[in-house]
1. Can you name the residue in the range A:19-51 that is of a type in the set (D, E, K, R) and more than 16 Å from DNA strand C (Cβ to nearest atom) and, of all such residues, is modelled with the lowest pLDDT?
2. Could you check A:Arg92 against (1) away from DNA strand B (no atom under 16 Å from the Cβ); (2) among the charged types (D, E, K, R); (3) loosely packed, with under 14 Cβ neighbours inside 10 Å and say which number it fails?
3. For A:Ser105, work out the one condition from (1) surrounded by fewer than 22 Cβ atoms within 10 Å (Cβ to Cβ); (2) of a type in the set (S, T, N, Q); (3) touching a residue at least 40 places away in the same chain (Cβ under 8 Å) it doesn't fulfil.
4. Six or more apart or on different chains, Cβ atoms under 7 Å: show the pairs whose first residue is in the range A:29-49 and outside the structural domain of A:Phe61 (by TED's automatic domain parsing) and more than 24 Å from A:Ser111 (Cβ to Cβ) and whose second is aliphatic (A, V, I, L, M) and within 12 Å of DNA strand B (Cβ to nearest atom).
5. Among the candidates A:His178, A:His205, which residue alone is farther than 26 Å from A:Pro21 by Cβ and either away from DNA strand C (no atom under 15 Å from the Cβ) or outside the structural domain of A:Ala121 (by TED's automatic domain parsing) (or both)?
6. Quick check on the range A:72-81. Is at least one of its residues of a type outside the set (Asp, Glu) and under 27 Å from A:Leu143 (Cβ atoms)?
7. Only one of these conditions is not met by A:Tyr49: (1) in a helix (DSSP H, G or I); (2) more than 13 Å from DNA strand B (Cβ to nearest atom). Which number is it?
8. When you go through (1) crowded, with 18+ Cβ neighbours inside 10 Å; (2) in contact with a helix residue (DSSP H, G or I) (Cβ under 6 Å, 6 or more places away or on another chain); (3) of a type in the set (Gly, Ala, Ser) one by one for A:Ala121, which number turns out not to apply?
Amino acid sequence: MLQQIKTILLKWYSQNQRELPWRTTKDPYFIWLSEIILQQTRVQQGLSYYQLFTEKFPTIFDLANADEQTVLNTWQGLGYYSRARNLHATSRIIVHQYKGVFPSSFEEIKSLKGIGNYTAAAISSFAFDLPYAVVDGNVYRVLSRVFDEDSPIDSSAGQKLFQNLANNLLNTSFPANHNQAIMEFGALQCVPVNPNCDICVLNQHCLGRQNNRINVLPVKEKKTKVSKVQIDYSIHFDENKILLRKRLGKGIWQHLYEFPHCIDMPKDPPVFSETHLLSHQKLTLNYYRNVNNTIAFEENGLEWVNIKDLESYPKPKPIQSFIDNYLDELNSEN
DNA sequence: AAGGCGGGGCG
DNA sequence: CGCCCAGCCTT
């Protein structure tokens, strides 16, 4: 089973690979350069920058001799500028500590700035033919689908699992081509959305396809995304305590009531802030009391929504059931 | 374990 | 136009 998949991948790669400049070299300097550029960057966009860098800094000494500002200028437009700073810093480390010779062991490579697990495995295999399996976004996708593995790729357990899976699948006779093959396969054939499985060379081996789960793989658990919320409240309070508030407007749980932890209002206003925690949700509020004893409200909060927690956390409710439940809780405590 | 980092592509 | 992508470093 594994052996067949390895063979199919290599054969597919030999017939379908794109011609890319960093694939025709074994020079670790150029391979490193390309890998740093290609982190979070599509091939199409990275190509021109790769050409720019190799022309402007043909050797690692040229890069190390340059000002950081010059490197940053050359990087301009690529984004994630810490990559450029790390690139430059690492060039100086290699020149000064390794006499300009790129280190050739996985551990040494990984210890360099800006090089993590993926990039260390990539350089180790591409430049030095060392048997380290790469796991990038493409590999997560291919492996999760072929093996119908729904372990979340953004959990540490899932990452371990997929690294092990990749290690097991690694063709140790051809680590460089194997790694290129599986990533290219993910980039061209096993694409994120609507892959054409009918023409896929792995479709007879693909458990995800067999179980009709291609469109839900790979699984991510942390859907935590940041979105600005525009939440208006009507506040119901009793003496100096906020009793309930009703969520107005069009955010989640609109028109439902929630319990703001009975915060003591400041005696002498103007502004104070408080962090309100609802497990899945963090909201910073600024509010103050007006002279006419109504609450004016000001919020610039960010809302963090974790879809997983959303299911389990008690949601705000329509007012009557909210109050009923609250009274029940109070009674059961006493 | 979780958040920040920047662009571009896509529906 | 909003949503999605994804490796590394920092906290």
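The values are calculated or read from the model by the stated rules, or taken from the named source; none is laboratory data. What you are looking at is a predicted structure, and each value in this text was computed from that prediction instead of being measured. With ideal geometry, Cβ positions are generated from the backbone for all residues, glycine too; neighbour counts draw on all protein chains shown.
1. A:Glu19
2. Condition (3) is where A:Arg92 drops out.
3. Every condition holds for A:Ser105 apart from (3).
4. none
5. A:His205
6. yes
7. With (1) in a helix (DSSP H, G or I); (2) more than 13 Å from DNA strand B (Cβ to nearest atom) applied to A:Tyr49, the lone miss is (2).
8. (2)
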